[in-house]
1. With a Cα-only, solvent-free Debye model of the range 187-253, what are the log10 I(q)/I(0) values at q = 0.19, 0.22 Å⁻¹?
2. If I take all pairs of Cα atoms in the range 113-167, what percentage of them are more than 17 Å from each other?
3. Taking only DSSP H segments of four or more residues, each worth -39500 (n - 2.57), what value at 222 nm results for the chain once the sum is divided by all its residues, to the nearest 500 deg cm²/dmol?
4. List the equivalent ellipsoid semi-axes of the chain in whole Å, largest first, each obtained as the square root of 5λ for an eigenvalue λ of the Cα gyration tensor.
5. Per 0.36 nm of contour for each residue apart, how much would the distance between Arg86 and Ala115 grow if the chain were fully extended, relative to their Cα-Cα spacing?
6. Which of the lysines could a cross-linker span from Lys165 if the Cα-Cα distance has to be under 25 Å and same-chain partners fewer than 8 positions apart are dropped?
7. Using a Förster distance of 22 angstrom, determine the FRET efficiency expected from the C-beta separation of Ala209 and Ala253, and round it to 0.05.
8. Mind checking the dipole of the chain: about its Cα centre, +1 per Lys or Arg Cβ, -1 per Asp or Glu Cβ, Debye to the nearest 20?
Amino acid sequence: MQAIFEESRSTRPSLEGKVAIVTGANGGIGSAIAQQFLADGALVVLTDLAQSGEQLSSLGKRAIFLEHDVSQEQARSEVVERALSRFRKIDVLVNAAGIHRHGVMTDTTVASMEALFRVNQLGTFLGMRAVVDAFASNRHGAIVNISSCLATRGVPGQFAYAASKWAVRGMTKNAALELASLNIRVNAVMPGPTDTPMFRGLPEADQSAIAAMIPFGRVARPDEIAAAVAFLSSDAAGYISGAELEVDGAVFA
Ligand SMILES: NC(=O)c1ccc[n+]([C@@H]2O[C@H](COP(=O)([O-])OP(=O)(O)OC[C@H]3O[C@@H](n4cnc5c(N)ncnc54)[C@H](O)[C@@H]3O)[C@@H](O)[C@H]2O)c1
């Protein structure tokens, strides 16, 4: 019995002592992930375009904030260097920074397509590529990319955004295969509508209509997305890579 007990203990989700970079950490989902990671014992590098005053006073010794734009190649390398110089290693990367634009294909401008590509797709790629050497030198690492339930089927009015989130799924699958021999896991979380500033940017009537479509009768709380990310980042998910976890109240079940 003792051996069985010991084994099961090793697969409990825990982030104790792990160093994690979380992008989009000012956002609803990114900040919930950072908080969950800190509560689970991780050391966290929070990143976003700019640091908020509230964060300046609330960050403890186990967290730092770095300003950067995820779509800038050089800035991604600098975040990795600064994370290593502060915490000596990196175990987890969460690509949560993102932007949203509505629009059907015929109304989609090149500028809108490019903006979504640069943040959601290029930003995720640059983030993953930037941590590979640090992960490889540890002989382990976990990447969680935030895609969307809107990248599980066609959804009218989401042309460019959905394309960028389908791209995140594709990159997640390919990176999972390419990095498996380095013991680096790459997974995607696909949130449904979630109560964050991005969602609250919609007209109220749209928010209510969306909530009414969800079998659970409500949108997700950011901490519900964070719980899934924390699990996939932990050693409890040590044999899970290339997976896509839908956290969407069964909206597209
Ligand atoms: N809220 C939802 O309903 C929902 C559903 C599915 C997927 N998502 C995805 O979840 C992720 C988080 O979204 P959220 O709802 O928390 O949105 P949010 O708007 O609250 O947060 C997004 C964060 O990303 C940051 N960001 C934007 N562009 C950036 C850049 N170039 N460099 C660095 N940071 C940048 C923003 O400053 C912001 O803090 C996004 O990838 C989003 O597409 C959200």
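Read-outs: derived from the displayed coordinates by stated rules, not from any lab. Keep in mind the model is a prediction, meaning the values are calculated, not measured. Note that we place each Cβ from the backbone using ideal geometry, even for glycine, and neighbour counts take in every protein chain shown.
1. Values, matching the q order: -0.75, -0.91.
2. Values: 679 of 1485 pairs.
Result: 46 percent of Cα pairs exceed 17 Å.
3. About -13500 deg cm²/dmol.
4. Sorted largest first and rounded, they come to 28, 21, 18 Å.
5. Fully extending the segment from Arg86 to Ala115 adds 7.3 nm.
6. Within the straight-line limit of under 25 Å, Lys165 reaches these lysines: Lys173.
7. 0.70
8. That gives a dipole near 380 debye.
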